[in-house]
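> Questions regarding the structure given below will be posed in turn.
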Amino acid sequence: MSKTPRPAGSPPQAGIRTDGRAVLPRDIKVMLVAAFLIALGFGLVAPVLPQFATTFDVGATAAAVIVSIFAFMRLVFAPTGGALIVRLGERPVYVAGLLIVAASTAACAFAQDYWQLLIFRGLGGAGSVMFTVASMALVVRLAPPESRGRVSGAYASAFLIGNVCGPVVGGLLAGFGLRVPFLVYAAALVLAALVVQTQLSHVPAASRPDGSAAPAMELRTALRDSAYRAGLFSSFANGWATFGVRMATVPLFAVVALNAGPGSAGWALAMFAAANAVALTFSGKLADSLGRKPMMISGLLVTGTATAAIGFTHELPWFLAATAVAGIGSGLLGPAQQAAMADVIGNERSGGRVLAIFQMTSDSGAIVGPVLAGLLADRLGYGWAFGVTGGVLVAAAAGWLLARETFQRPAHRGA
């Protein structure tokens, strides 16, 4: 029997393997390559950015502002990025965002004073949220419904591998000068933009199989969905703990409270990343078989409990063990959370604005979390800082208990 031709303008379809599991579309594989290049480049500049800022005769606080301005601009510009996706489509916004960050990063390399560096880095945050939300929207549209967890896990793994390799390469490049990693990062972003522009299928944004434009999902519609509301809460909690406290408070705890030396902070981040990578090898598949809710609840509970336990450790081995367990929990919830958001939106709707709000909650948590954790650590001790952070994650797990299960098991295909 001949195959039914695919309508013009429809997204590429996934094939089916002999074991019945969907083969990932080529476009998803293209995005995995781009994700690796982006993360590799980010890892190049992350270790040297604060050091570079201090070369302009500023203190540690001013250097920290250079880091936080990027996250702040991501937060502020997220609604605009979502609106651009609805108006222009995912791929143009993705490529434009990459090129904006490439230009701003290259400009950072030639900054002549602190204020130039601050402005250039801030502009990069606007481009960053553009390609972040656009890539999420593309994954929602292109990933087969029965493989959304696996796709989200693979995407997270590509970023993780790039983030692990980036600092190693960046440390080597820093020997040639602190400006060199910025130029290499800009080149990596341009390469990623070329990959997306030339290799990703040129299909209309959020097109239906018949080629007509699909409607954009309204935010009020998404907010009526209990899974989306739970996803916003868990995104905020994950941003608070994983992207905020882990990067800001965990290293301070290792050095100040444990007196373990600066190297212990690096070991803690490495242990988290390694455990996260292990969990990602199977968590996406489990999200596609057991469902999104079980993985979300278990991941949030594991991460929350381990994070709270960090503040009560007094020896380096226990500290590293708790950090590793938190990494496992983060790996359990990540793919399920992305897949649940894709389930809420569906393949035939544009989710630019809805995904922008989802991303904003994560960025908000990453900004608010370290500040509140720092205040708690200064006034009440690190036990309170990590305990409250763990409590936020456990509360997010409780939110998922009341949410609907978004995963719908695909019907068995006939012979």
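> Show the residue pairs that are 6+ apart or on different chains and have beta-carbon atoms under 9 Å apart, the first residue being within the range 214-228 and over 18 Å from Phe407 (Cβ atoms) and in a helix (DSSP H, G or I), the second being of a type outside the set (A, V, I, L, M, F, W, C) and open to solvent by 60 Å² or more (accessible area, probe 1.4 Å).
Close Cβ pairs (under 9 Å, with a partner that is of a type outside the set (A, V, I, L, M, F, W, C) and open to solvent by 60 Å² or more (accessible area, probe 1.4 Å)) amount to Leu219/Arg353; Leu223/Arg229.
> In the range 193-236, which residue that is modelled with pLDDT of 90 or more and closer than 19 Å to Glu90 by Cα is surrounded by the fewest Cβ atoms within 10 Å (Cβ to Cβ)?
Leu194
> Which one of Val139, Val164 is in contact with a helix residue (DSSP H, G or I) (Cβ under 7 Å, 6 or more places away or on another chain) and crowded, with 21+ Cβ neighbours inside 10 Å? Reasoning before the result, please.
Numbers: Val164 fails: crowded, with 21+ Cβ neighbours inside 10 Å.
Result of the check over Val139, Val164: Val139.
> Test Val151 against the stated conditions and say whether it is out of contact with any strand residue (DSSP E or B) (no Cβ under 6 Å at 6 or more places or on another chain) and under 21 Å from Leu99 (Cα atoms). Break it down stepwise before answering.
Numbers: out of contact with any strand residue (DSSP E or B) (no Cβ under 6 Å at 6 or more places or on another chain): yes; under 21 Å from Leu99 (Cα atoms): no.
In short, no.
> Follow-up. Kindly list the number of the only condition in (1) over 30 Å from Arg409 (Cβ atoms); (2) in contact with a Pro (Cβ under 9 Å, 6 or more places away or on another chain) that fails for Ala143.
(1)
> Mind listing whichever residues of the range 75-107 are open to solvent by less than 10 Å² (accessible area, probe 1.4 Å), of a type outside the set (Ser, Thr, Tyr) and part of a helix (DSSP H, G or I)?
Selection gives Ala78, Gly81, Gly82, Ile85, Glu90, Val93, Gly97, Leu98, Val101, Ala102.
> Right, another one. Here are Phe110, Phe120: which of them is touching a Ser or Thr at 6+ places or on another chain (Cβ under 7 Å) and either open to solvent by 10 Å² or more (accessible area, probe 1.4 Å) or at negative phi (or both)?
Details: Phe110 fails: touching a Ser or Thr at 6+ places or on another chain (Cβ under 7 Å).
Of the residues listed, the single one that is touching a Ser or Thr at 6+ places or on another chain (Cβ under 7 Å) and either open to solvent by 10 Å² or more (accessible area, probe 1.4 Å) or at negative phi (or both) is Phe120.
> Determine whether Ala373 is closer than 17 Å to Ala227 by Cα, in a helix (DSSP H, G or I) and either in contact with a strand residue (DSSP E or B) (Cβ under 8 Å, 6 or more places away or on another chain) or of a type in the set (A, V, I, L, M) (or both).
On the way: closer than 17 Å to Ala227 by Cα: no; in a helix (DSSP H, G or I): yes; either in contact with a strand residue (DSSP E or B) (Cβ under 8 Å, 6 or more places away or on another chain) or of a type in the set (A, V, I, L, M) (or both): yes.
No.
> Considering only residues that are of a type outside the set (Lys, Arg), at pLDDT 50 or above and surrounded by 15 or more Cβ atoms within 10 Å (Cβ to Cβ), which ones fall in the range 1-32?
Once the filter is applied, which keeps residues that are of a type outside the set (Lys, Arg), at pLDDT 50 or above and surrounded by 15 or more Cβ atoms within 10 Å (Cβ to Cβ), the range 1-32 yields Ala22, Leu24, Pro25, Asp27, Ile28, Val30, Met31, Leu32.
The values are calculated or read from the model by the stated rules, or taken from the named source; none is laboratory data. If you're wondering where the values come from, they're calculated on a predicted model, not measured in any experiment. As a convention, Cβ positions derive from the backbone with ideal geometry for all residues, glycine included, and neighbour counts pool all protein chains shown. The accessibility values were calculated without ligands, DNA or RNA, using every heavy atom of the protein model including side chains. Shrake-Rupley method; radii C 1.70, N 1.55, O 1.52, S 1.80 Å.
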